[in-house]
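Notes follow once the structure below has been shown.
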């Protein structure tokens, strides 16, 4: 059921449309004047509005403008008398969905209503998707509280809403595309397209057409005009991944786009303007490519206005528990399993492993572990063999407590040994997390309240983390 407003100064027409639309289970509101329709639409969001072009008070064009300003997704159908189609066309240029001419065909009217409401539904879905993407790619969702990631997020916050081109560098798997999306969705361009292109994945003979498009007949197989990715990113962001793989002849053409904000489709004589923000990424040393004449120096400086280096996971190990827990929640939810985290042994393995594939590899490891785990906590046995082998040696245990085979015959002070072990574990967790208590509690699989209680118990408490 849709909410529909009918605005017309003819009572018989209003009542006819009300009966017709209510037969299709729609909620119908009526207005006899343009100013009345504007007042009602200011107070209520309608899915569809019928408005006559000619009404006392305010005309249909003023009603249209008011609705488009306040409710951009609301569809408006203009009602016109015979011979006023020209005015209706003008209304469509201002954003009306369509127009109907009196007298109108009932079946055609119902079809227009269905199509207009379908468009309204698609627009609403697009708004919701954009909102979800914006929420997903907030800087707060770039998981990590290590010093390196704090520095990255601080810089991202400063540059996201500028026009400056950005160069992201870092090893494969460090999350360059996710950072690019976060920049886009935290900028004024968020409602426009984010267009990614992997410069190393497209054959060289197709790259120019993919980037800039082509006109019909420009080469064998060009059977129609085609818009390129640069043009598709107009108003938004073009993400050029693996920019070091871009052929030299196309580097020249890309440089012109960056300098002049203009380009030509393949085979075309007409220049087209484009307003796109460029974010490039690479896992190779572009400056070395410049020295070897494999990458244009002028293009490098055009792209490298803001340089953001993403750290490898081995240099931000404090973030491993946070990342791993986030991935567990994600894959447990997708697989319908009740898995709540890692046991101490499994987490110790993850913390000691050297991730050549960085965050992407950790995500892969967690997905595999969730798939294989039959309990509600991931154990060492569910980890890949190469990760299991990273388990710290027993000598690196927390308290040096003797193995059960080494207990003296005279016995031990149980309370003292347990207290000593507990204090050493708390100390270890705080050392591993740089004193951040929230993360230390997560490392020990304790609630923050339980962790803080134990610190106070042993007079180890200090100032709480920010936000704790």
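Checking each residue in the stretch 211-235 for being surrounded by fewer than 19 Cβ atoms within 10 Å (Cβ to Cβ) and within 24 Å of the chain's Cα centre (by Cα) picks out 232, 234, 235.
The residue that is farthest from the chain's Cα centre (by Cα), among those in the stretch 330-343 that are at negative phi and surrounded by 14 or more Cβ atoms within 10 Å (Cβ to Cβ), is 343.
If a residue counts only when it is modelled with pLDDT of 80 or more, outside the structural domain of residue 302 (by TED's automatic domain parsing) and surrounded by fewer than 16 Cβ atoms within 10 Å (Cβ to Cβ), which helices (runs of 4 or more DSSP H) contained entirely in the stretch 66-174 have at least 1 such residues?
Numbers: elements: 85-93, 106-136, 147-159.
By residue number, 106-136.
For the stretch 200-229, a residue qualifies if it is on the phi < 0 side of the Ramachandran plot and either in contact with a strand residue (DSSP E or B) (Cβ under 6 Å, 6 or more places away or on another chain) or not assigned by TED's automatic domain parsing to the domain that holds residue 267 (or both), and the qualifying residues are 208, 209, 212, 214, 218, 222, 226, 227, 228, 229.
Of all the criteria given as (1) surrounded by 20 or more Cβ atoms within 10 Å (Cβ to Cβ); (2) in contact (Cβ under 8 Å) with a residue 40 or more places away in the chain, the one not satisfied by residue 9 is (1).
Against the test of being within 30 Å of residue 167 (Cβ to Cβ) and modelled with pLDDT under 90, the options 303, 322, 310, 362 yield a single qualifying residue, 322.
Filtering the stretch 17-38 to residues that are surrounded by 15 or more Cβ atoms within 10 Å (Cβ to Cβ) and either out of contact with any strand residue (DSSP E or B) (no Cβ under 6 Å at 6 or more places or on another chain) or not assigned by TED's automatic domain parsing to the domain that holds residue 118 (or both) leaves 20, 32, 33, 34, 35, 36, 38. Hey, any hits in the stretch 228-248 for a residue that's over 27 Å from residue 162 (Cβ atoms) and either assigned to a helix (DSSP H, G or I) or modelled with pLDDT of 90 or more (or both)? Looking for residues that are over 27 Å from residue 162 (Cβ atoms) and either assigned to a helix (DSSP H, G or I) or modelled with pLDDT of 90 or more (or both), one finds at least one in the stretch 228-248, hence yes. When each of 269, 257 is tested for being surrounded by fewer than 18 Cβ atoms within 10 Å (Cβ to Cβ) and not in a strand (DSSP E or B), the lone residue that passes is 269.
The values are calculated or read from the model by the stated rules, or taken from the named source; none is laboratory data. Since the model is a prediction, treat every value here as computed from it, not as a measurement. No Cβ is skipped: glycine too gets one built from the backbone with ideal geometry, and neighbour counts run over all protein chains shown.
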